[in-house]
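Let me begin by presenting the structure, written as structure tokens, before commenting on it.
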Ligand SMILES: [Zn+2]
């Protein structure tokens, strides 16, 4: 592992004060940032240099909720609401997957995320193939790409689609195995029932127990659509968030994803328990799910991370687009231009996500002691010229494809848009082939 000096760029540190340094430098030793300043540092050790002139340098984005396990279904069944999109298009395809599909899905998804500047992802994994050990395949494939990830091993013990059910004891045994045997410094494992209408209260309690005893985060889809809330109320007589409170599934180790349809008392429960919320504005728009009450959650000091959601529903993994969508969505529905500003969404995409995954003190900012997960964005392009306000340029003008160089854990994983860890061309070709074959098998199953 090398020591690096990155200099000449504009550093958007995302530190507590939101410091921006023009013509700044960053020194990296092993996998940590050791110094940040302006101009050129005096150094005695040997550093490899990266010239960041004309670039923005910022912490890698944390895509706090995705489903790379569904990537082979990208664009399939568009223009439907969540439950129709799942039952009519995506689930039949997933039922036709083979264990080998998961390796290429994870590699393709990680490449796409890295190329958009997302250095950390929360993969909310689910599959009808847990008995084939595909969770281990997925974790190992993610690790190979060099991305930082938490794979949340999600499951259901009742009322879900054919083939997707796992008994409670299987789920506990396999989750514990994955946590004990497959984690690396970059690739971690978390847990969570997949959706609240298809898991028993005891399955939630199992997940809470694993989260607490193994010290891993818990990730839960929550209150995504009104139909979703109706299903939970029919089963439990409670709101989704009240149900979670009852089974002990709120707290600092818990990430609630979506939270679109919340009551005032739901918001109180989330705030009181210091539970984290993940906002997926693009997904909520594309599936016509609704508008999450982000300004109200922020007013209660609830920590919020940002996410693209899966590539099958959002269609992309571009966190820069997601930042822009978040800011624009809340401006238009409130008609207040300052309700969520560029600085706010940048913070959600960096510090907010890091805090949500329990790494608020080591990830998501460019400051000494933090992990060296950072990206360089080339601003020498027409759509970022001239550049008066670097944060506004990043959020409102840049695109994921402007990301030039990506470092994760002190290692360069993309340089000048070339992925260095896996063979991108080969992965894309394999993904096309495997998606086609899965589609064919799915059609055959429907006919038979
Ligand atoms: Zn999801």
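Observations
- Residues of segment 231-260 that turn out to be within 12 Å of residue 197 (Cβ to Cβ), free of Cβ contacts under 8 Å to residues at least 40 places away in the same chain and either within 16 Å of the ligand (Cβ to nearest atom) or buried (at least 20 other Cβ atoms within 10 Å of the Cβ) (or both), as a count: 2
- Residue match in segment 170-186 (condition: surrounded by 16 or more Cβ atoms within 10 Å (Cβ to Cβ) and at pLDDT below 95): yes
- Subset of segment 283-297 (residues that are free of Cβ contacts under 8 Å to residues at least 40 places away in the same chain and farther than 16 Å from residue 328 by Cβ): 293, 296, 297
- Here 293, 311 are screened, and the one residue that is buried (at least 19 other Cβ atoms within 10 Å of the Cβ), within 16 Å of the ligand (Cβ to nearest atom) and closer than 25 Å to residue 86 by Cβ is 311.
- So residue 302, is it within 12 Å of the ligand (Cβ to nearest atom) and either more than 25 Å from residue 338 (Cα to Cα) or outside any helix (DSSP H, G or I) (or both): no
- Any hit, segment 66-77, residues being crowded, with 24+ Cβ neighbours inside 10 Å, modelled with pLDDT of 95 or more, farther than 30 Å from residue 347 by Cα and assigned by TED's automatic domain parsing to the domain that holds residue 278: yes
Every residue, every condition in (1) surrounded by 22 or more Cβ atoms within 10 Å (Cβ to Cβ); (2) closer than 17 Å to residue 183 by Cα; (3) within 16 Å of the ligand (Cβ to nearest atom); (4) in contact (Cβ under 8 Å) with a residue 60 or more places away in the chain, yes or no:
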| site | (1), (2), (3), (4) |
| --- | --- |
| 99 | no, no, no, no |
| 102 | yes, no, no, no |
| 105 | yes, no, yes, yes |
| 114 | yes, no, no, yes |
| 117 | yes, no, no, yes |
| 125 | yes, yes, yes, no |
| 132 | no, no, no, no |
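- Filter pass, residue 262 being assigned to a loop (DSSP other than H, G, I, E, B), in contact with a helix residue (DSSP H, G or I) (Cβ under 6 Å, 6 or more places away or on another chain) and assigned by TED's automatic domain parsing to the domain that holds residue 326: no
- Unique match (being within 16 Å of the ligand (Cβ to nearest atom), modelled with pLDDT under 95 and surrounded by 20 or more Cβ atoms within 10 Å (Cβ to Cβ)) among 152, 164, 160: 160
- Condition met for residue 407 (over 20 Å from the mean Cα position of the chain (by Cα) and either outside the structural domain of residue 100 (by TED's automatic domain parsing) or modelled with pLDDT of 95 or more (or both)): no
- Some residue of segment 267-276 being outside any helix (DSSP H, G or I) and within 16 Å of the ligand (Cβ to nearest atom): yes
- Yes/no for residue 56 being more than 16 Å from the ligand (Cβ to nearest atom), buried (at least 24 other Cβ atoms within 10 Å of the Cβ) and on the phi < 0 side of the Ramachandran plot: yes
- Being farther than 29 Å from residue 409 by Cα, away from the ligand (no atom under 16 Å from the Cβ) and not assigned by TED's automatic domain parsing to the domain that holds residue 409 holds for only one residue in 200, 211, and it is 200.
- Taking (1) crowded, with 24+ Cβ neighbours inside 10 Å; (2) within 15 Å of the ligand (Cβ to nearest atom) in turn, residue 286 satisfies each apart from (1).
- Inside segment 6-52, residues that are touching a residue at least 40 places away in the same chain (Cβ under 8 Å) and more than 28 Å from the chain's Cα centre (by Cα) make up a count of 8.
The values are calculated or read from the model by the stated rules, or taken from the named source; none is laboratory data. Values in this document were obtained by computation on a predicted structure and should not be read as measured data. FYI the Cβ positions are ideal-geometry reconstructions off the backbone, even for glycines, and counts take in every protein chain you see.
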